[in-house]
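J.: Starting off with a structure, shown below.
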Amino acid sequence: MSAPDPDHIRSWQRIDARTTTSGRIEAGDVPQLAAIGVRHVINLALDDHPDALADEGAKLAAHGIGYTHIPVPFDAPGEDHFAAFRAALAAAPGPAHVHCIMNWRVSAFFYRLHVADDTMTEAAARALMEQQWSPDTSADPRAAPWAAFISRGNPHD
């Protein structure tokens, strides 16, 4: 790794050598992502969120980073979104960075991925997700669809 992780980015998390996640990114974060070797960014946030980076795809392209946008409504995460996420991550040409606004969507998607692909135990996948949030225990009234979303991926439910 040629540069340190830009852990000042909101809710930054390194999953492994090829995968990082975070909440929203800002224009100044793009060169830092390039410096750590990110080759593709997957954005799960909506373009119209006040914290969304305008023209994100163009800003990333200017630094040689590919871009996939999968807008996941916070109140309605679906299996189609999860399938698109899995496909985008599998197709990413190199180290990938996946983000949304708070790293809540992303952490739930990775929970599902790790459980579905049996790359982590359910407990380990849950512990990783809960470094960002726990849809099951969150007091946020918007968490219910996410609790249902992650339960669809838990073979023990």
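Since every read-out is calculated from the coordinates, none of them should be taken as a lab result. Being a predicted model, the structure only gives us computed values, none of them experimental. Here the Cβ is made from the backbone with ideal geometry for all residues, glycine too, and neighbour counts use every protein chain on show.
J.: Give me, ordered by chain and number, the residues 5 or more places off Val98 or on other chains with an amide H under 5 Å from its own placed amide H.
T.: Thr20, Thr21, Ser22, Ile42
J.: Can I ask one more? Can you bin every Cα-Cα distance in the stretch 13-151 into 5 Å intervals starting at zero and give me the percent of pairs per bin, rounded to whole numbers?
T.: P(r) for the stretch 13-151, in whole percents per bin: 2, 10, 21, 24, 21, 13, 7, 2, 0.
J.: Relative contact order of the stretch 13-151, please, whole-number percent, based on alpha carbon pairs below 8 angstrom and at least 6 residues apart.
T.: Dividing the mean separation by the residue count of the stretch 13-151 yields 29 percent.
J.: Moving to a separate point now. When you take every Cα atom in the stretch 90-157, what is the radius of gyration, and what is Dmax, the widest Cα pair distance, in Å?
T.: 12.1, 38
J.: Explain nothing, just the number: dipole magnitude of the chain about its Cα centre with +1 on each Lys and Arg Cβ and -1 on each Asp and Glu Cβ, in debye rounded to the nearest 20.
T.: So the dipole magnitude of the chain works out to roughly 280 debye.
J.: What is the Cα centroid distance between the stretch 89-107 and the stretch 1-60, reported in whole angstrom?
T.: Using only Cα atoms, the two centres lie 9 Å from each other.
J.: If you don't mind, there's one more thing I want to ask. Scan the chain and report its longest stretch carrying no GluC sites (Glu not before Pro) that are both in a DSSP loop and have at most 16 other Cβ atoms within 10 Å.
T.: 27-129
J.: Ok, one more. For every helix of n ≥ 4 consecutive DSSP H residues, a contribution of -39,500 (n - 2.57) applies; sum these over the chain, divide by its total residues, and give [θ] at 222 nm rounded to the nearest 500 deg cm²/dmol. Working shown, then result.
T.: Numbers: 6 runs with 54 residues, N = 157.
It comes out at -9500 deg cm²/dmol, rounded to the nearest 500.
J.: In a Debye calculation with equal point scatterers on the alpha-carbon sites of the stretch 1-60 and no solvent, what is log10 I(q)/I(0) at q = 0.24 Å⁻¹?
T.: -1.10
J.: Quick check: net charge around Asp55, other residues with Cβ under 13 Å of its Cβ, Lys/Arg +1 and Asp/Glu -1?
T.: -2
J.: Below 8 Å, C-alpha to C-alpha, sequence gap of six or more: please give me the relative contact order for the stretch 105-157 in percent.
T.: 40
J.: Can you work out the Karplus-derived ³J(HN,Hα) for every residue in the stretch 82-87? Use 6.51 cos²θ - 1.76 cosθ + 1.60 with θ = phi - 60°, whole Hz, and x for glycine or proline.
T.: Using θ = phi - 60°, the values come out as 5, 4, 5, 4, 4, 5 Hz.
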